[in-house]
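Take a look at the structure below.
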Amino acid sequence: MSIYATLWQLKFPRYGDDHGGREWITVLAQGVPAHVGKPAPGTESEDPCSAFLPPAGTAETDDDGQTMRAVVFITDTTPKGTARSPQEYLRPLLVLSGQEYATIAFRELHDLICDALRGDRPRLVAEVRGPGGGVRLLFEDGSAAAPDAGR
């Protein structure tokens, strides 16, 4: 049984930048309910998810019953299961606490996800179309590439 519940899935540019020649990838938001990892009442057991999720809340911080413990953002091809835990995703794009997810603006979340998809590639700043139909992508580091160059 999984500790995750799919909250939503959206298409994003595969490499984090929107341009005419981009490919799309599905990004999923996987919510972890607040009770996951909390010890049962009267026990002192350890949280089995503490190594890969933000800390579980307390009764005082989970007063609404709606706030997730965490939201993990993955692609539809992100592998799940590590030596540490079968519930851990291998290289998720982003992990937010439930409180962070509940209060983040969509534009900020979008930027964080695009930054994660982009990785160490420079940010796209312009798409230039020439008179003959040629297209060049210009990046913040001064480099340029054709749209089909895997960027």
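Quick check: residue separation of D18 and S143 times 0.36 nm, minus the Cα distance between them. What number comes out in nm?
43.3 nm
Report the residues of the stretch 3-43 in range of a label on S50: point 7 Å along Cα→C-beta, backbone N strictly under 17 Å from it.
35-43
Quick one: if you stick a label point 7 Å off each Cα along the C-beta vector at W8 and T26, how many nm between them?
1.6 nm
How tilted is helix 106-118 with respect to the longest principal axis of the chain? Cα atoms for both, answer in degrees (0 to 90, nearest 10).
The angle comes out at about 70 degrees.
Ranked from highest to lowest mean number of other Cβ atoms within 10 Å per residue, what is the order of the peptides 102-110, 87-95, 17-25?
87-95, 17-25, 102-110
Taking the dipole about the Cα centre of the chain, with the C-beta of Lys and Arg at +1 and of Asp and Glu at -1, give me whichever of A83, L137, T6 is farthest to the positive side.
L137
Taking R0 as 35 Å, what FRET efficiency do you get between R91 and A126 from their Cβ-Cβ distance, rounded to the nearest 0.05? Walk me through the numbers before you get to the answer.
Details: r = 30 Å, r/R0 = 0.85.
It comes to 0.70.
What's log10 of I(q)/I(0) for the stretch 5-119 at q = 0.15, 0.17, 0.19 Å⁻¹, Debye sum over Cα points only, no solvent?
With no solvent term, the Cα-only Debye profile gives -0.70, -0.87, -1.03.
Can you compute the modelled spin-label distance between A102 and T78, with each label point 7 Å from Cα toward Cβ, in nm?
That separation, rounded to one decimal, is 2.1 nm.
Could the peptides 49-55, 115-121, 26-32, 140-146 be put in order, highest first, of the mean number of other beta-carbon atoms found within 10 Å of their residues?
Sorting 49-55, 115-121, 26-32, 140-146 by mean packing, highest first, produces 26-32, 49-55, 115-121, 140-146.
Bear in mind these aren't lab numbers, they're just calculated from the coordinates by the rules spelled out. It should be emphasised that the depicted structure is a prediction, and the values quoted were computed from it without experimental measurement. For neighbour counting, all protein chains shown are included, and Cβ atoms are generated from backbone atoms with ideal geometry for every residue, glycine included.
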